[in-house]
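The values are calculated or read from the model by the stated rules, or taken from the named source; none is laboratory data. Only a predicted model underlies this, so the values are computations on that prediction, with no experimental measurement involved. Cβ sites come from the backbone with ideal geometry, for glycine too, and all protein chains shown count toward neighbours. Surface accessibility is based on the protein's heavy atoms, side chains included, excluding ligands, DNA and RNA. Shrake-Rupley method; radii C 1.70, N 1.55, O 1.52, S 1.80 Å.
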Amino acid sequence: MKSAFYIPENLPPLADSPALAEKFHYILDMLYLRRTLGRYDATDYLGIHLATLQKIISARRAKPCLASLVTLGVLECDNEWHKGGKSTGYRFAEPFREAKFRKVAPVSPQLAAQIEICRAEANEKVIAGDAALTRVKETVEKIKFEPAVRDYLASLPDDDKKASRRTAIDNFGGDGLFFRRDKSGGRFYHNFVTIARDLRQFARLDGQQLYQVDISACHPGLLAVLYDDAPTPELQAEKAKYVSAMQSGFYEFLAARMTTQTDLTDNAVRDAFKKSVMKDYIFCSTAKKSDVRQAFEKAFPLLAALIFEGKGAEKGIYKKHKRKIAIRLQKLEADMIFSAVIPRLIARYPDIPVVSMHDAVISTLEYVPAIREEMERAFVERVGFTPKVKTSRV
């Protein structure tokens, strides 16, 4: 049952009625947890699921309460809504955006109980009898964090990042767990996916260390399927070159062909470079120029043209199709993990604990060899070449 609401420490009384004030607190708590657990920026406008809000505080109260919070200067609204696309977005107004948050206990047991019922129903609806998703959910529910995580949090600077990490730990378990499936790309989101990387090292499953298995440069590797959409001798020749780069080290291959030197032996530099490849080229606007784009297009001009075409750029409709490539790759990734890797692992080891993290699968050390085998097998079936599979401690 919901045990507390997060509200800004500097929030003034919002209503004389405790029942109405609590409804306001629930909305603020919903927005704060969405921002914090989803690791969004404080300035981002975030959608609030109106159907859930109507179930919790009634259909009659939901919209008026939201409107009142905007009128009172607590929230800001972007007033943008597109049917079947974007929901109306909200964020905390300037006085509360960077404020510290405190917990307040629910006044109404009925409201707290209703919140828990809706949370449980939403989580079960996402799972919907799917064996792979169910196993991930069951495993996430068993993860515990070592007490040392509290000492680590205490050592961090007293800022918003520290507060968000503490909130993530406080909400890992019980009524704080959430499970959500992206309708477009099929990705499965839960608390362990969204929790900060530096906190994952403290996670344990039945006291055991967790290990992560993933495919090196997975999304660039999945791009190879574009070569097979309209196979020609020229495309297949370039595909052979692309596959060779993937198997030898894609990021190293690309970095060596850039005009600026990039030291990929530095982990921070490597992470930034990987993000740049995705953000500045594969998933970016077709109009954006960068060293990464120039190096990629020079090395793989035919694939670059296919990516350009896939974004709808040749028809001048990029805005409409800007996520087309990203969604296709995410669907391939989700199909690989949830239709092949995890079901096959369960068939081999009925009690195996597994946690999905987009293109990675996490478990305990004894299952790492089997996971590596199934990851490689599923990738070959979908893309046609053997990828580099890597293992690391979480």
Quiz item: Which of the residues spanning segment 1-34 are among the basic types (Lys, Arg) and surrounded by 20 or more Cβ atoms within 10 Å (Cβ to Cβ)?
Solution: Lys2, Lys23
Exercise. From Thr88, Thr71, grab the single residue that is farther than 29 Å from Arg197 by Cβ and either among the hydrophobic types (A, V, I, L, M, F, W, C) or open to solvent by 90 Å² or more (accessible area, probe 1.4 Å) (or both).
Key: Thr71
Exercise. Considering each of Ser248, Ser290 in turn, give the residue that is closer than 24 Å to Lys390 by Cα and polar (S, T, N, Q).
Key: Ser248
Quiz item: Counting just the residues of segment 104-125 that are within 26 Å of the chain's Cα centre (by Cα) and touching a residue at least 24 places away in the same chain (Cβ under 8 Å), which one comes out farthest from Lys55 (Cα to Cα)?
Solution: Asn123
Exercise. Count, please, the residues in segment 35-63 that happen to be surrounded by fewer than 14 Cβ atoms within 10 Å (Cβ to Cβ), at pLDDT 90 or above and in a helix (DSSP H, G or I).
Key: 3
Practice problem: Filter segment 32-82 for residues that are among the aliphatic types (A, V, I, L, M) and over 16 Å from Cys118 (Cβ atoms) and give the result. | Solution: Leu37, Ala42, Leu46, Leu66, Ala67, Leu69, Val70, Leu72, Val74, Leu75
Quiz item: Got at least one residue in segment 216-232 being within 20 Å of Arg382 (Cβ to Cβ), open to solvent by 30 Å² or more (accessible area, probe 1.4 Å), part of a helix (DSSP H, G or I) and touching a residue at least 40 places away in the same chain (Cβ under 8 Å)?
Solution: yes
Practice problem: Output yes when any residue across segment 227-237 is among the polar types (S, T, N, Q), more than 30 Å from Ala148 (Cα to Cα), over 22 Å from the mean Cα position of the chain (by Cα) and at pLDDT below 85, and no when none is. | Solution: no
Self-check item: Hits in segment 355-394 - residues which are closer than 19 Å to Gly207 by Cα, of a type in the set (A, V, I, L, M, F, W, C) and assigned to a strand (DSSP E or B)
Solution: Val355, Val361, Ile362
Exercise. Starting from segment 368-381, keep only residues that are over 10 Å from Met336 (Cβ atoms), then list their pairs with residues that are in a helix (DSSP H, G or I) whose Cβ atoms are within a distance under 7 Å, requiring at least 6 positions of separation or different chains.
Key: Ala370/Leu345; Ala370/Arg348; Ile371/Leu345
Practice problem: Find all pairs meeting these conditions: Cβ atoms under 8 angstrom apart; at least six residues apart or on different chains; first residue within segment 1-14 and at positive phi; second residue assigned to a loop (DSSP other than H, G, I, E, B) and modelled with pLDDT under 95. | Solution: none
